[in-house]
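Engineer: I'd like to ask you about the structure that follows.
The values are calculated or read from the model by the stated rules, or taken from the named source; none is laboratory data. Owing to the predicted nature of the structure, the values given are computational and were not obtained by experimental measurement. All Cβ positions, glycine included, derive from the backbone under ideal geometry; neighbour counts span all protein chains shown.
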Amino acid sequence: MEVGSVIRCLRSFRTNFNISAAGFHTSSPLLLSLADKISDDMKAAMKSRDADRLKPLRAIRARFVNKMKETGAKSLSDHDATAVLKSLAKQYSESIEMYEQAKRRDLVASEKAELKIVEIYIPKLADEATTQKWVDEVLTELGGGKVNVGRAMGLLMKSRKGAVDPIVAKKLIEDRLQEI
């Protein structure tokens, strides 16, 4: 096969599947990583000149870039991106509290608006019923014997990374172990 035809074939493939030379990127929401989704939303906010939405998206993107530089990675996993988003949301919440104490309503309103945008991208945790089902699965997996809360929590958090609220899970595990 000729080199030119291979290059044309690759270009056609990249165009048809929206793959850049630097790596995989698509406009399909099913295949986007969290960082890619935020980048796309930031571009859309730039095009629509939505400054209120653009400011927090730029802050998120800057945090992502800092995290990638910190770890030396070329891309950010969804788990790392979620951790960055949670820390940014916590920072916004603390800022809101400080501005409320200082009676700066204008800044409180802007910080709350930015916090809402950040929270859109933070994955939602499982509800109590789903968590209870997962707790039952973990306790069944650990078997009868002597099961302690720490061991059950460790297995649950490892198997359901980022999907479970640890406080709710601990309460449910303790309740279930008292029944046994």
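Engineer: Looking at A22, is it hydrophobic (A, V, I, L, M, F, W, C), at pLDDT below 90 and surrounded by fewer than 12 Cβ atoms within 10 Å (Cβ to Cβ)?
Structural biologist: Details: hydrophobic (A, V, I, L, M, F, W, C): yes; at pLDDT below 90: yes; surrounded by fewer than 12 Cβ atoms within 10 Å (Cβ to Cβ): yes.
Criteria met by A22.
Engineer: Restricting region 59-84 to residues that are hydrophobic (A, V, I, L, M, F, W, C) and not in a helix (DSSP H, G or I), which is farthest from the chain's Cα centre (by Cα)?
Structural biologist: Filtering first and then ranking leaves A73.
Engineer: Could you tell me whether P56 is in a loop (DSSP other than H, G, I, E, B) and either assigned by TED's automatic domain parsing to the domain that holds K158 or in contact (Cβ under 8 Å) with a residue 12 or more places away in the chain (or both)?
Structural biologist: When the stated conditions are applied, P56 does not pass them.
Engineer: Looking at R58, R11, can you tell me which residue is modelled with pLDDT of 90 or more, surrounded by 10 or more Cβ atoms within 10 Å (Cβ to Cβ) and basic (K, R)?
Structural biologist: R58
Engineer: Another question, then. Note down all Cβ pairs under 7 Å where the first residue falls in region 95-124 and is part of a helix (DSSP H, G or I), the second is charged (D, E, K, R), and they're at least six residues apart or on different chains.
Structural biologist: Note: pairs meeting the criteria are S95/E111; I96/E111; I96/K112; Y99/E111; V108/E100; A113/D52; E114/K55; I117/R53.
Engineer: Additional query: In region 39-66, how many residues are among the basic types (K, R) and closer than 17 Å to P123 by Cβ?
Structural biologist: Count: 1.
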